[in-house]
1. In this structure, is Leu213 at pLDDT below 80, part of a helix (DSSP H, G or I) and surrounded by fewer than 19 Cβ atoms within 10 Å (Cβ to Cβ)?
2. Of everything in region 123-175, what is touching a Leu at 6+ places or on another chain (Cβ under 9 Å) and at pLDDT below 85? Give them in sequence order.
3. Out of (1) in contact with a Leu (Cβ under 7 Å, 6 or more places away or on another chain); (2) at pLDDT 90 or above, the odd one out for Leu100 is which?
4. Regarding Gln174, is this residue closer than 30 Å to Arg369 by Cα and out of contact with any Cys (no Cβ under 7 Å at 6 or more places or on another chain)?
5. Quick check: anything in region 384-398 surrounded by 15 or more Cβ atoms within 10 Å (Cβ to Cβ), in a helix (DSSP H, G or I) and modelled with pLDDT under 85?
6. On the phi > 0 side of the Ramachandran plot and at pLDDT below 75: is that true of Gly315 in this structure?
7. From Arg182, Arg147, which residue is over 30 Å from Thr43 (Cα atoms) and in a helix (DSSP H, G or I)?
8. Considering every residue within region 3-18, establish whether at least one is surrounded by 19 or more Cβ atoms within 10 Å (Cβ to Cβ) and modelled with pLDDT of 85 or more.
Amino acid sequence: MLSFAQFLLVLKARWRLVTALMLIVVAMVTTWSLLLPKQYTATVSVLVDGKTGSIDPIAGVAVPSSLASVFVATQADVIASERVVKRALRIVKTTENPALKERWAQVTRGEGDFESWLAGVVASKLEVRPSRESNVINVSFSGPDRRFVAAMANAIVQAYTETTLELRTEPARQYNSFFDERARLSREALEKAQAKLSAYQQETGITSTDERLDIENAKLSELSTQLVALQAIATESTTRHQAATGKGGERVTEALNNPVIVGVTTALAREEAKLDEMSERFGDQHPQVQELRANIRQLKSRIDTETQKVSASLGINSEVNQIRLAEVRSALVEQRLRVLRLKGQRNDVMVLQREVENAQRSYDNVLSRVSQTSLESQNNQTNVSVVKEATPPPFPSGPRVGLNIVMGLILGTVLGVGVALALEVITPHLRSEEDITQRLMRPLLVVLPAASTQKVSERAKSFVKPANVSPWRLLR
């Protein structure tokens, strides 16, 4: 590998070759640049509003800010797309040029689509550059005709504006058709739910379930209160009847409060007192004593009869209370079943009402989306604003002769240096002390000083080899 000093020696020795190659390349590049046709570039600047264009047509919400950063890059790709370029070609009526069709037929031999081929050619001369940290996009188009490049650049921006509007309205039309169908289905579901609720209300006779349920609950509470009261009365009447039918039945309250029994009991007590008095005075066999005893027996029999009447009355009262108790208990059971049935009907009605509410809510939501998508499909506003229109450029943008000459100079220099190094590798020469030690692999015995004059003696020439002698010859 050559050191930097050896590299400089090689360049010094072969500078004529490097200079010649450099000049040849510069001359060729200059000639090529002068022979090339002039190119003109027209530029249009457009402003794209990312906020207006970042609305989701399905959900109707703004796109998250994390996706807004790629919005401008996406719009740049749309500008350079084949769809936009084809529309621009139709705007400037380039597709109707017969010369271009003949050129297409020669290049492609009639295969493929003419507009696609022409769009590819135009896209190769189109440059779309988004500005840094802004929503401005510069659209440049180059060509040999200054008026055509300006018209084509403006047509591309116009086609992009129309395409952007189509990209927004076409999905909205599709969504509008979809939501129209969904609205029809939602309306049918709502009508079915309403008809089902109305039929069930007519079948059960329920208009206001809460009011009717409150009334039935009040009736149930009232029957429960009556049942408790009747149970107490029936228990008391049964106890009194049992007491009246047993021993000491005359001591029950009804018997003690009976005026007949009270009068007979008073008369019995009076007769018994009189009997005791008459028995002590006349003896047990006296006719008056016997008469008193007969009266006492009659009074006791009357008391028993009245007591039985009271007991029978208590029994009838107990039976009546039991019958009333059974009726109230039956009414309570029936009322409880009615309340439970009414609660079940109320639950069914509430379920049907919720179905109607859900269907109504779904229909309202779909209807709002239908209105929104309908407005979006009819929208003729775009989010693209032209900041600078293209005009026919007064000066050509290419070829850049100065830049090409500089590039040719660099390329020629590199080529010359490369050729010099290649020749040095193919035919190496001894140009320094380092070359002798490395290439000949011999120790350096002595270094002669440089001659003070240009003339060298014949004897010195016979012993000292020239600097440009190939080391391979010295090895022979």
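The values are calculated or read from the model by the stated rules, or taken from the named source; none is laboratory data. Bear in mind the structure is a predicted one, so any value in this text is a computation, not a measurement. We place every Cβ from the backbone using ideal geometry, glycine too, and count neighbours over all the protein chains shown.
1. On the way: at pLDDT below 80: yes; part of a helix (DSSP H, G or I): yes; surrounded by fewer than 19 Cβ atoms within 10 Å (Cβ to Cβ): yes.
So Leu213 fits the description; yes.
2. Pass one, region 123-175, residues touching a Leu at 6+ places or on another chain (Cβ under 9 Å): 134-137, 139-142, 152-153, 155-156, 159, 172.
Passing the criteria: Ser134, Ala172.
3. It is condition (2) that Leu100 fails.
4. Details: closer than 30 Å to Arg369 by Cα: yes; out of contact with any Cys (no Cβ under 7 Å at 6 or more places or on another chain): yes.
When the stated conditions are applied, Gln174 passes them.
5. no
6. Numbers: on the phi > 0 side of the Ramachandran plot: no; at pLDDT below 75: yes.
Here the answer is no, as Gly315 does not meet what is asked.
7. Working: Arg147 fails: over 30 Å from Thr43 (Cα atoms).
Being over 30 Å from Thr43 (Cα atoms) and in a helix (DSSP H, G or I) holds for just one of Arg182, Arg147, which is Arg182.
8. Yes, some residue in region 3-18 is surrounded by 19 or more Cβ atoms within 10 Å (Cβ to Cβ) and modelled with pLDDT of 85 or more.
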